[in-house]
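A.B. asks: One structure follows; several queries about it will come next.
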Amino acid sequence: MELENMMNHKLKFVLLASLLPFTASAAQELTPWYVGGGLGVNNYEPNCDLKTTKVCGEDDPYAWDIFAGYMFNDYFGIELGYRNLGRAEWTDYSNKLNDLGVKGTTLGLVGVWPIANNWSLSVEAGAMNYLISNNKQWGSEYYSDSGIAPYFGTGIGYNFTENLKLQAKYRRYENLDEDKWGTFEGESNYWGLELSYRFGHTVAAAPVAAAVIAAAPVDSDNDGVYDDKDQCPATPATHKVDSVGCTIYENVKNKEDVGSIQFANDSAVVKPVFYKDIERLANYLNKNPEFTVEIAGHASNVGKPEYNMVLSDKRADAVAKILVEKYGISQSRVTSNGYGVTQPLVAGDSKEAHAANRRIEAVVTTTAKQPVLK
């Protein structure tokens, strides 16, 4: 019987819970939901004043409860709980010991009135779906009944934090009657403490920005970019600047002289004597990995210009191949181009001029920057 009653009350508890508007969001703010528990003492009346009472026994008045609630706003909410009101003993005129207790689920409305310095007052009213049991004569005679009993209460609370609240509570339960066997008709008074936790946290209101009076734009360094957008103040007046007021730089091309790398007439074969000059260029490039090089091939003004253009290409390719394959310079850093007879080193048609013009030149592009002037 006891087990069956407990199962029935658990089912009622679940059904009552399903009636709550489970609508709290997971947003990072103080949610409407809270949970808690309480401990106190309860006094059944009039168990010692009944006409059938001969001797009052020692009560077990300690009562406890657990609960969950939902606040519709800052002042009004609904609360679901489970309460055990403790037990009371008395001996009736038939010299039989009565041992009676009440427990069950509750559903009620709560009202809260905040007052100064984190204090608040509360009132509540609701109904208890109770099970009343009397283990008469140490359980040899068992009587039980269930019913609905109204209750009301009041309390005073203090918030330690925005989430944690401690309350002192008083509750009055009416019509706690065991009508089936007629062993008890009474009420009870409860006094206790309750600790509750409300989920989430409050979100601070966004600060209201003060009105700002716009000031006239200023260009302190006269570079054409106003100070509020100028990321490079005090730019020299002779420099060109970008959209944020910073100097525009350009890379400077420098010619790296690799010595007299010359070729025989109508030949694109690099003589071994010039490998040291190519090695010197490779070492320079290795020390400056951000530099690139163009190998420019040239020819003397002997024969047809078209042929000389192809020959100058072959001479440039030959030196570029040595840089890449023998000295390990990345192909992406080396370009080769032939210019034929279009850029003579020595003018004229002499033997010396022809010998000087059969050559290659290395043009190194460095990362050295210089400002672009206005």
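A.B. asks: Going through region 67-90 one residue at a time, which ones are assigned to a strand (DSSP E or B) and acidic (Asp, Glu)? Walk me through how you get there before you give the answer.
C.D. replies: Narrowing region 67-90 to residues assigned to a strand (DSSP E or B): 67-71, 76-90.
Across region 67-90, the qualifying residues are Glu79, Glu89.
A.B. asks: With the structure loaded, tell me whether Leu166 is at pLDDT 95 or above and either under 30 Å from Trp90 (Cα atoms) or touching a Gly at 6+ places or on another chain (Cβ under 7 Å) (or both) or whether it fails that test.
C.D. replies: Against the criterion (at pLDDT 95 or above and either under 30 Å from Trp90 (Cα atoms) or touching a Gly at 6+ places or on another chain (Cβ under 7 Å) (or both)), Leu166 qualifies.
A.B. asks: Further question on the same structure: Quick one: Thr161 ticks every box in (1) at pLDDT 90 or above; (2) in a strand (DSSP E or B) bar one, so which box is it?
C.D. replies: Against the list (1) at pLDDT 90 or above; (2) in a strand (DSSP E or B), Thr161 comes up short only on (2).
A.B. asks: Hey, which of the helices (runs of 4 or more DSSP H) in region 262-374, taking only ones fully inside, have at least 2 residues that are at pLDDT 90 or above and within 30 Å of Thr247 (Cβ to Cβ)?
C.D. replies: In region 262-374, 275-287 are the helices (runs of 4 or more DSSP H) which contain 2 or more residues that are at pLDDT 90 or above and within 30 Å of Thr247 (Cβ to Cβ).
A.B. asks: Let me confirm something: among Val302, Val341, Val310, Val346, which residue is in contact with a Pro (Cβ under 8 Å, 6 or more places away or on another chain) and either basic (Lys, Arg) or over 23 Å from Arg280 (Cα atoms) (or both)?
C.D. replies: Val341 is the lone residue from the list that is in contact with a Pro (Cβ under 8 Å, 6 or more places away or on another chain) and either basic (Lys, Arg) or over 23 Å from Arg280 (Cα atoms) (or both).
A.B. asks: Among the candidates Tyr82, Tyr70, which residue alone is modelled with pLDDT of 95 or more, in the same structural domain as Ala168 (by TED's automatic domain parsing) and touching a Pro at 6+ places or on another chain (Cβ under 6 Å)?
C.D. replies: Result: Tyr70 is the single residue among Tyr82, Tyr70 that is modelled with pLDDT of 95 or more, in the same structural domain as Ala168 (by TED's automatic domain parsing) and touching a Pro at 6+ places or on another chain (Cβ under 6 Å).
A.B. asks: Return yes when Tyr327 is among the hydroxyl-bearing types (Ser, Thr, Tyr) and touching a His at 6+ places or on another chain (Cβ under 7 Å) and no when it is not.
C.D. replies: no
A.B. asks: Which residues, counting only those in region 84-107, are among the aliphatic types (A, V, I, L, M) and touching a helix residue (DSSP H, G or I) at 6+ places or on another chain (Cβ under 7 Å)?
C.D. replies: Of everything in region 84-107, just one residue is among the aliphatic types (A, V, I, L, M) and touching a helix residue (DSSP H, G or I) at 6+ places or on another chain (Cβ under 7 Å), namely Leu107.
A.B. asks: Could I ask something else about it? Could you tell me how many of the residues in region 293-325 are more than 11 Å from Ala268 (Cβ to Cβ), in contact (Cβ under 8 Å) with a residue 40 or more places away in the chain and out of contact with any Lys or Arg (no Cβ under 6 Å at 6 or more places or on another chain)?
C.D. replies: Total satisfying the criteria: 8.
A.B. asks: If we keep just the residues of region 222-280 that are basic (Lys, Arg) and outside the structural domain of Ala355 (by TED's automatic domain parsing), which is surrounded by the most Cβ atoms within 10 Å (Cβ to Cβ)?
C.D. replies: Top of the filtered list is Lys240.
A.B. asks: While we're on this one: Restricting to region 272-286, what's the tally of residues that are aliphatic (A, V, I, L, M) and out of contact with any Phe, Trp or Tyr (no Cβ under 9 Å at 6 or more places or on another chain)? Before you say what the answer is, go through the steps one by one.
C.D. replies: From region 272-286, those aliphatic (A, V, I, L, M) are 273, 278, 281-282, 285; that's our starting set.
After this cut, where a residue has to be out of contact with any Phe, Trp or Tyr (no Cβ under 9 Å at 6 or more places or on another chain) as well, the list is 273.
The number of residues fulfilling the criteria is 1.
A.B. asks: So is Tyr130 in a strand (DSSP E or B), within 20 Å of Phe67 (Cβ to Cβ) and not small (Gly, Ala, Ser) or not?
C.D. replies: Numbers: in a strand (DSSP E or B): yes; within 20 Å of Phe67 (Cβ to Cβ): yes; not small (Gly, Ala, Ser): yes.
Criteria met by Tyr130.
A.B. asks: A further question on this structure: Mind checking whether some residue in region 43-64 is loosely packed, with under 15 Cβ neighbours inside 10 Å, at pLDDT 90 or above and of a type outside the set (Phe, Trp, Tyr)?
C.D. replies: Taking every residue of region 43-64 in turn, none turns out to be loosely packed, with under 15 Cβ neighbours inside 10 Å, at pLDDT 90 or above and of a type outside the set (Phe, Trp, Tyr).
A.B. asks: So, one more: Being aliphatic (A, V, I, L, M), surrounded by 18 or more Cβ atoms within 10 Å (Cβ to Cβ), part of a strand (DSSP E or B) and at pLDDT below 95, is that true of even one residue in region 99-107?
C.D. replies: First pass over region 99-107, keeping only residues aliphatic (A, V, I, L, M): 100, 102, 107.
Those left that are additionally surrounded by 18 or more Cβ atoms within 10 Å (Cβ to Cβ): 100, 102, 107.
The next check asks that each one be part of a strand (DSSP E or B); those that pass are 100, 102, 107.
Next, only the ones that are at pLDDT below 95 stay: 100, 102.
Scanning region 99-107, I find at least one residue that is aliphatic (A, V, I, L, M), surrounded by 18 or more Cβ atoms within 10 Å (Cβ to Cβ), part of a strand (DSSP E or B) and at pLDDT below 95, so the answer is yes.
The values are calculated or read from the model by the stated rules, or taken from the named source; none is laboratory data. In this text the structure is predicted, and so the values were computed from the model without any measurement. Cβ sites come from the backbone with ideal geometry, for glycine too, and all protein chains shown count toward neighbours.
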